[in-house]
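Engineer: Have a look at this one before I ask anything.
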Amino acid sequence: MDGKMVLYRVLRFIVMVAVSLVKPFKIIGREKIPDGPAIICANHSSFTDPFYMAFAVPPKYHLCLMAKRELFDFKPLGWILRGIGTFPVNRESAGDMEAMKNALKVLKSGKKLGIFPEGTRTSEDGAVSPKAGAIRIAQKTGAPIIPMYIPRKKKFFRRNPIVVGDAMDVSSMGRLSREDVEKLADELMDKIAQMGNNL
């Protein structure tokens, strides 16, 4: 077990205990997260969402998150984020090649990649057009996309449901046009929203 995985597990446990005291959670469908590389995609409304995503993924797996570049500007935080395997992405660039390389490296090593396709925090479904990075990465690597719903309004002292959905496989779809990729990104976010509506 490498150092990043050790630090990830330790911080995950500490934060999970702290968060559970205030806004506890329950995981629905955790068994749908497969062994091997996978891309976990969730909706995003709060700074706590990356924590909930990590809580939903079994601790035996190393979840490496793609996070906005600005978080790394504060050096102590940047050091911690890099220390647990999180890496930056430039949200203003449609083709951040360094972020893409890091994402491919994560999946090639058999780890889980965490992405919030909305690209920013939003208060309601459909408020922004999702970014298509997850679809492109899935097509390049063959890794399945695992949709995850995280409540946008998390309740205090009540178990907030985090729902893991069925895998989405785009690797067998052949060559996709830009329009196809954007449509699949929309379908992914629609699927995540529906998972929340079905609770």
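Engineer: Step by step: first the residues of segment 78-97, then only those that are part of a helix (DSSP H, G or I) and modelled with pLDDT of 95 or more, then the one that is surrounded by the fewest Cβ atoms within 10 Å (Cβ to Cβ). Which residue is that?
Structural biologist: Once the filter is applied, the top-ranked residue is TRP79.
Engineer: How many residues, within segment 25-61, are under 12 Å from the mean Cα position of the chain (by Cα) and part of a helix (DSSP H, G or I)?
Structural biologist: Number satisfying all stated conditions: 8.
Engineer: Which count do you get for residues in segment 167-199 that are out of contact with any Phe, Trp or Tyr (no Cβ under 9 Å at 6 or more places or on another chain), under 27 Å from PRO58 (Cβ atoms), of a type in the set (A, V, I, L, M) and not in a helix (DSSP H, G or I)?
Structural biologist: Qualifying residue count, segment 167-199: 3.
Engineer: Sticking with this one: Read through the list (1) surrounded by fewer than 12 Cβ atoms within 10 Å (Cβ to Cβ); (2) closer than 22 Å to GLY133 by Cα, then give the number of the only condition that LEU21 fails.
Structural biologist: For LEU21, the failing item is (2).
Engineer: Residues of segment 129-166 being in a loop (DSSP other than H, G, I, E, B) and polar (S, T, N, Q), which ones?
Structural biologist: SER129
Engineer: Another one. If you take the residues of segment 168-192 that are surrounded by fewer than 16 Cβ atoms within 10 Å (Cβ to Cβ) and touching a strand residue (DSSP E or B) at 6+ places or on another chain (Cβ under 9 Å), which of them is nearest to PHE47 (Cα to Cα)?
Structural biologist: GLU187
Engineer: Which residues, counting only those in segment 105-151, are at pLDDT below 95, in contact with an Asp or Glu (Cβ under 7 Å, 6 or more places away or on another chain) and either more than 22 Å from GLY174 (Cα to Cα) or among the small types (Gly, Ala, Ser) (or both)?
Structural biologist: Scanning segment 105-151 gives VAL128, ALA132.
Engineer: Scan segment 109-128 for residues that are under 26 Å from PRO34 (Cα atoms) and either in a strand (DSSP E or B) or touching a helix residue (DSSP H, G or I) at 6+ places or on another chain (Cβ under 8 Å) (or both) and jot them down.
Structural biologist: Of everything in segment 109-128, those that are under 26 Å from PRO34 (Cα atoms) and either in a strand (DSSP E or B) or touching a helix residue (DSSP H, G or I) at 6+ places or on another chain (Cβ under 8 Å) (or both) turn out to be LYS112, LEU113, GLY114, ILE115, PHE116, PRO117, GLU118.
Engineer: Separate question: (1) modelled with pLDDT of 95 or more; (2) surrounded by fewer than 20 Cβ atoms within 10 Å (Cβ to Cβ); (3) in contact with a Lys or Arg (Cβ under 8 Å, 6 or more places away or on another chain): which one isn't true of VAL164, the others all being true?
Structural biologist: Among (1) modelled with pLDDT of 95 or more; (2) surrounded by fewer than 20 Cβ atoms within 10 Å (Cβ to Cβ); (3) in contact with a Lys or Arg (Cβ under 8 Å, 6 or more places away or on another chain), the lone unmet condition for VAL164 is (2).
Engineer: Yes or no: segment 44-56 includes at least one residue that is farther than 20 Å from ILE115 by Cβ and of a type outside the set (Ser, Thr, Tyr).
Structural biologist: Looking for residues that are farther than 20 Å from ILE115 by Cβ and of a type outside the set (Ser, Thr, Tyr), one finds none in segment 44-56, hence no.
The values are calculated or read from the model by the stated rules, or taken from the named source; none is laboratory data. Note that this is a predicted model, so its numbers are computed, not measured. Note: ideal-geometry Cβ built from the backbone for every residue, glycine included; neighbour counts use all protein chains shown.
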